[in-house]
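**Q** Here it is, the structure, as structure tokens.
The values are calculated or read from the model by the stated rules, or taken from the named source; none is laboratory data. Predicted, not measured: the structure shown is a model, and the values here were computed from it. Here Cβ is always computed from backbone atoms with ideal geometry, including for glycine, and neighbour counts include all displayed protein chains. Side chains included, ligands, DNA and RNA excluded: accessible areas come from the protein's heavy atoms. Shrake-Rupley method; radii C 1.70, N 1.55, O 1.52, S 1.80 Å.
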Amino acid sequence: MTPELVGILGFVSLLLVLLGGIPIGAALALVGMAGLALIISPEAALIKAGVVSFDTLSRYELGVLPLFMLMAQLCFAAGASRDFFELASRLIGHRRGGLAIASIGGCAGFGAISGSSLATVATVSAVALPEMRRQGYKPGFATGTLAAGGTLGSLTPPSGALIVYGIIAEQSIGKLFAAAIAPVVTQALFYVVAIVLLCRLDPAKGPAAPRASWAERREAMLRILDIGLLVGFVVGGLVVGWFTPTEAASIGCVGALLLCAFRRKLTVKALHGALVETLKTTGMIYVIVIGAILFSTFVSVTGIPEHLASFVHGDGANPLLAVIAMAAVLLLLGSFLDGLALMLLTIPLFLPVVGGLGLSPIWFGIFLVRTMEIGFVHPPLGFNVYVIHSMARDISLGTIFRGIVPFLLSDFLHLALLIAVPGLALWLPELLK
């Protein structure tokens, strides 16, 4: 068999293996090693696997992952998850749809700690959904808002997805974080506009809650001040170049420890829980990264990315049409693959094409994660939907998916804006050069 045919069979095999329920890291490594064994030799594939594993585990910059995760777990232990939503709800909860807008604000704030869509939707929903139901919000509208808002966690710095992309694509994590800020803000604004329009058309969807006093608002602001300063200093310092990603994550861990101590939450049980969860998640991501590098090596050996890039470049393809085609493929695959699997499957295939078209790999990272986010609420998979359903069993999946439809429309509009105006992501990294 030719290397190209082996490569095509490899992609098909990976899709089948992932659909069969095998963990993504094992699936990537298995298909990558099998493909390398067929193209070069089994001995060379084993040697390559050993070299990749050692090089990955010994990379200094990969230390940013467990450090940011430990920072997030310590912030959870400090009780910061509830504070973001409470501040937003006290500021605007008295307006129609105010608690829904507060949920978007809470998701954006909490996403800056967790960097994970699933963690964001699970944590904010635990606080916001009971409150919205108490105030008489329609179930589909409340759950749709939370499912959509949870996607902010994947893109908000420090984003785990952007860190993994930066490592695999060999791009600056600091530039990726800077590029993500404007898209996160505009995405949240698109959701807010959708909420306002829905509540204007049907005020019963989100009735106004009682107005909080200014004393209650000041109390909520003071509660969020410490965590806000920590996140702002860590992410801001990284974006403007005061320190490297690993240094920023280290500072964040120390700051989160001090925050726990200041809030009197630094117990042996809390520290043990934070360390255990960090190690579990880090181990899983390390396996995924090793598998992704093995699979990327296999794909590069087949020559498929070079052929695809040469075809697109030689055929004089319109960059806009090529990006739209990539978006269509990502949205199609995102309907049955989880976000990280989708990202790691498509990076080795699309990145050479992006380079051949003269597009920025920094912009492509934002575009990829943004498209991946839509998969978190896109039927039939929609991981965020199932997370919320597990927390509110009396609300049917159909009700939640129907509630998401207006937010999906705003997602597609925002994605179109990101494609049409790449400067939305690139202006801040350029400004900070």
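**Q** Write out the trypsin sites (Lys or Arg not before Pro) in the range 34-88 meeting two conditions: DSSP loop, and at most 16 other Cβ atoms within 10 Å of their Cβ. Before the final figure, lay out the partial values.
**A** Working: sites: Lys48, Arg59, Arg82; in loops: Arg59.
When the trypsin sites (Lys or Arg not before Pro) of the range 34-88 are filtered for loop state and at most 16 Cβ neighbours within 10 Å, Arg59 remain.
**Q** Round to the nearest 10 and report in Å² the accessible area of Lys175, as given by a 1.4 Å probe over the protein chains' heavy atoms.
**A** 90
**Q** Okay, next question. From the phi angles alone, apply the Karplus equation (6.51, -1.76, 1.60; θ = phi - 60°) to the range 174-187 and give each ³J(HN,Hα) in whole Hz, x where the residue is Gly or Pro.
**A** Here the 3J(HN,Hα) series is x, 5, 5, 5, 5, 5, 7, 5, 5, x, 5, 5, 5, 4 Hz.
**Q** Take the range 1-122, drop everything but the C-alpha atoms, weight them equally and run the Debye formula without solvent; then report log10 I(q)/I(0) at 0.19 Å⁻¹ to two decimals.
**A** Summing over Cα pairs of the range 1-122 leads to -1.01.
**Q** Compute the distance in nm between two label points, each set 7 Å from the Cα along the Cα-to-Cβ direction, one at Asp394 and one at Leu431.
**A** Modelled inter-label distance: 4.7 nm.
**Q** Could you order Met69, Met372, Met284, Met391 so the one with the most accessible surface comes first? Probe is 1.4 Å. Spell out each step's value before the answer.
**A** Numbers: Met69 35, Met372 10, Met284 105, Met391 85 Å².
The ranking, largest first, comes out as Met284, Met391, Met69, Met372.
**Q** Using a simple spin-label model with points 7 Å from Cα along the Cα→Cβ vector, what separation in nm is obtained for Leu46 and Leu279?
**A** 3.0
**Q** Compute the helix-to-body angle for 397-420: its Cα long axis versus the longest principal axis of the chain, expressed 0 to 90° and rounded to tens.
**A** 60
**Q** A follow-up question, please. Once both axes come from the Cα atoms, what is the angle between helix 361-375 and the longest principal axis of the chain, in degrees from 0 to 90, rounded to 10?
**A** Result, in degrees: 60.
**Q** Using only alpha-carbon positions, what ratio does the radius of gyration of the chain give when scaled by 2.2 N^0.38 Å? Before the final figure, lay out each step's value.
**A** Working: Rg = 21.9 Å, N = 433, 2.2 N^0.38 = 22.1 Å.
The reported ratio for this selection is 0.99.
**Q** Shifting gears a bit: Just need the relative contact order of the chain here, percent rounded to a whole number, with Cα pairs under 8 Å and 6+ apart. Don't skip to the answer; put the middle values down first.
**A** Values: 653 pairs, mean separation 112.1, N = 433.
Relative contact order of the chain: 26 percent.
**Q** Quote to one decimal, in nm, the extra length available between Phe233 and Arg217 on full extension: 0.36 nm per residue of separation minus the C-alpha distance between them. Intermediate values should be presented prior to the final figure.
**A** Working: separation 16, 0.36 × 16 = 5.76 nm, distance 2.34 nm.
Length gained, Phe233 through Arg217: 3.4 nm.
**Q** Which value, in Å² and to the nearest 10, is the accessible area of Ser53 when all protein chains are kept and the probe is 1.4 Å?
**A** Near enough 40 Å² of accessible area.
**Q** On to the next question. Can you give me the accessible area per residue for the range 84-161, using a 1.4 Å probe, in Å²? Could you put the intermediate results ahead of the total?
**A** On the way: 1840 Å² over 78 residues.
Value for the range 84-161: 24 Å² per residue.
**Q** When the accessible area of the chain is split by element with a 1.4 Å probe, what percent falls to carbon and sulfur?
**A** Numbers: 12670 of 18020 Å².
Carbon-and-sulfur percentage of accessible area, whole number: 70.
**Q** While we're on this one: If each Cα of the range 327-433 is one equal point scatterer, what is log10 of I(q)/I(0) from the Debye formula at q = 0.14, 0.17, 0.20 Å⁻¹?
**A** -0.62, -0.84, -1.05
**Q** Still on this structure: Using a/c under 1.5 as the rounded threshold, could you call the range 63-169 rounded, prolate or oblate? The axes a ≥ b ≥ c are square roots of the C-alpha gyration tensor eigenvalues, and prolate needs a/b larger than b/c, oblate otherwise. Mind showing how you got there, number by number?
**A** Numbers: a/c = 2.69, a/b = 1.95, b/c = 1.38.
Prolate, since a/c reaches 1.5 and a/b exceeds b/c.
**Q** Select from Phe364, Phe177, Phe54 the residue whose mean-square fluctuation is largest in a Gaussian network model of the chain (Cα-Cα springs shorter than 10 Å).
**A** Among Phe364, Phe177, Phe54, the largest GNM mean-square fluctuation belongs to Phe54.
**Q** Nearest 10 degrees, 0 to 90: what angle lies between the long axis of helix 64-77 and the longest principal axis of the chain (Cα atoms)?
**A** 20
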